[in-house]
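Read the figures in this text as sums done on the coordinates, not as results from a lab. The shown structure was predicted, so the numbers you read here are calculated from the model rather than taken from an experiment. Don't worry about glycine lacking a Cβ; one is built from the backbone with ideal geometry, like all the others, and counts go over all protein chains shown.
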Amino acid sequence: PPKDVPGAAMVESPMAYSGEQLRPWQRSFVAMFVEHRHTFRKARLLIADEVGLGKTLSLATSALVSVLLGDGPTLILTPPTLSKQWQTEIWDKLGIKTALWSSQKKVWLNLDDEPLTAKTTDGIRKCPFQIGIVSTGLVTHQCKDGKFVKEAEQLLFQEYGMVILDEAHKARTGGGFGEAANKPNNLLLFMQKIIQSIRHRHGHQR
């Protein structure tokens, strides 16, 4: 695969104009994504770096590369407290517009919290940009008896080039003993189901 893809994706970014660039380990992660994509036709990667090493930017740049290479839209699943942070950093560092799903308003929002779409029953399926950000709270709360409903169910019917799961360690089994030990929680169950709609998937674990 071309070795300069990560760098090429950053040429027109705000980072480049300010004289910044990806740090070596960030470039290595994006290059690894490109290599796995080329060699295996898919990428399944997990970042477990310490806080402050730029995991968000590594994953966001991989998403940008994936979109530029024509893999399809990217879905970013994050804890609700981090959703706006993702949207802001992707714009500030990469200059890429993303849409943030509002579970309350049932519309996609831009960085200024202005609606990008009209309120409809299937609005979550109509993300206006190639990168959409959805709270993991939506996934965990919209599961009944092992079946997803409402917007969470609609997400499962979409096709994605990449899905990024922030705080991936929260997708886990019950643990302990007995029948519940290996039972997945709602987030892990969702990831097990959505895997069929993904070309690439990445996890971000603190």
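Things worth noting here:
- For segment 65-78, 3J(HN,Hα) per residue [Karplus equation, 6.51 cos²θ - 1.76 cosθ + 1.60, θ = phi - 60°, Hz, x = Gly/Pro]: 4, 4, 5, 5, 7, x, 6, x, x, 10, 10, 10, 9, 9
- Stretching Phe40 away from Ala180 to a fully extended chain increases their span by 46.9 nm, per 0.36 nm per residue minus the current alpha-carbon distance.
- Computed about its Cα centre, the charge dipole of segment 92-206 is approximately 200 debye, with only Lys, Arg, Asp and Glu carrying charge at their Cβ.
- Segment Ser197..Phe157, full-extension length gain: 13.6 nm, with 0.36 nm per residue of separation and the alpha-carbon distance subtracted.
- Helix 24-40 vs. the chain, principal-axis angle (Cα, 0 to 90°, nearest 10): 70 degrees
- With the simple model of a label 7 Å out from the Cα in the direction of the Cβ, Ala118 to Lys147 spans 3.0 nm.
- If only the Cβ of Lys and Arg carry +1 and only the Cβ of Asp and Glu carry -1, the dipole of the chain around its Cα centre is close to 560 debye.
- Annotation for segment 100-189: chymotrypsin sites (Phe, Trp or Tyr not before Pro) lying in DSSP loop with at most 10 further Cβ atoms inside 10 Å of their Cβ are Phe157, Phe177.
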